[in-house]
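Only one structure is covered here, and it is reproduced in the block below.
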Amino acid sequence: MITYQNDPSIPRVPRFPRRTTSKWIAEVAHLHGKKIGEVAYIFCSDEKILEVNRQYLQHDYYTDIITFDYTEGDVLNGDIFISTETVRSNAESYGTTFEEELRRIVIHGILHLCGQEDKQPDDRREMTRQEDEALGLFPTAGRER
């Protein structure tokens, strides 16, 4: 089960097609030989993600996503914190829409749960390749599945 929540640090969860997104996430997980267990997306502010980063990872910087992986075997379980403020500023920096950048970050978290790392340059390139591949599978208008 995939849930979408907002931390009290933001007024509301971003609007996006949740049912379509959840099906897409499950499809991407399946392509990686995984099944969805309990995955929670928690949308929050920059300040909240900084607090989480400091408290649990001892990192003193802002980020767009933090993934806590509780996966067991081939069943994906985790909590994925996403700063909607950073997603919005990244979208502006990369010349894309908030919705497109949000999809990229949403699937980025799932790819982490599937085992993809992104600390090293080669791993980052592979992560981006996998994100792009997954984004190509997202149903668009006229291509709903």
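Annotations for the structure displayed:
- Restricting attention to the chain, the count of lysine pairs at 8 or more positions apart or across chains with alpha carbons under 26 Å apart stands at 5.
- Once both labels are positioned 7 Å from their Cα atoms along Cα-to-Cβ, the gap between SER89 and GLN120 label points is 3.0 nm.
- Over all Cα atoms in the chain, the spread is summed up by Rg and Dmax: 14.5, 45 Å.
- Residue-averaged 222 nm ellipticity for the chain, from DSSP H runs of 4+ at -39500 (n - 2.57), nearest 500: -15000 deg cm²/dmol
- Computed about its Cα centre, the charge dipole of the chain is approximately 600 debye, with only Lys, Arg, Asp and Glu carrying charge at their Cβ.
- Computing FRET efficiency as 1/(1 + (r/R0)^6) for GLU38 and THR97, where r is the C-beta to C-beta distance and R0 is 30 Å, gives about 0.55.
- Other residues within the sphere of radius under 14 Å centred on the Cβ of HIS112, judged by their own Cβ, net out at -4 (K and R +1, D and E -1).
- Mean separation of Cα pairs under 8 Å and 6 or more residues apart, divided by the residue count, gives the chain a relative contact order of 21 percent.
Only the coordinates and a few stated rules stand behind these numbers; no lab work does. A quick note: this is a predicted structure, and the numbers were derived from the prediction, not measured. Counting neighbours? That spans all protein chains shown, and the Cβs are built from the backbone with ideal geometry, glycine included.
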